[in-house]
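Notes to accompany the following structure.
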Amino acid sequence: MKVDYAPRALTALDESPAAARRAFFKQVKLLSDNLRHPSLRAKKYNETHGVCGRAA
């Protein structure tokens, strides 16, 4: 999969901490290699109940 970044996204990444940039590019690489990689799974979120419906 080819990944293309918007100029605005690249600007935001340049302004972010190095650790955040590394984590972002690591996740993008995982996404481009395997859309079903386990570390890309997200939990359901409900604003009123927090993550997975648990009381906040």
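The values are calculated or read from the model by the stated rules, or taken from the named source; none is laboratory data. All values reported here derive from a predicted model rather than from experimental measurement. Cβ sites come from the backbone with ideal geometry, for glycine too, and all protein chains shown count toward neighbours.
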- Which condition number does Ala55 fail, the rest of (1) part of a loop (DSSP other than H, G, I, E, B); (2) among the hydrophobic types (A, V, I, L, M, F, W, C); (3) at pLDDT 85 or above being met? (3)
- Tell me, yes or no, whether the stretch 20-39 has at least one residue that is modelled with pLDDT under 85 and more than 23 Å from Tyr5 (Cβ to Cβ). yes
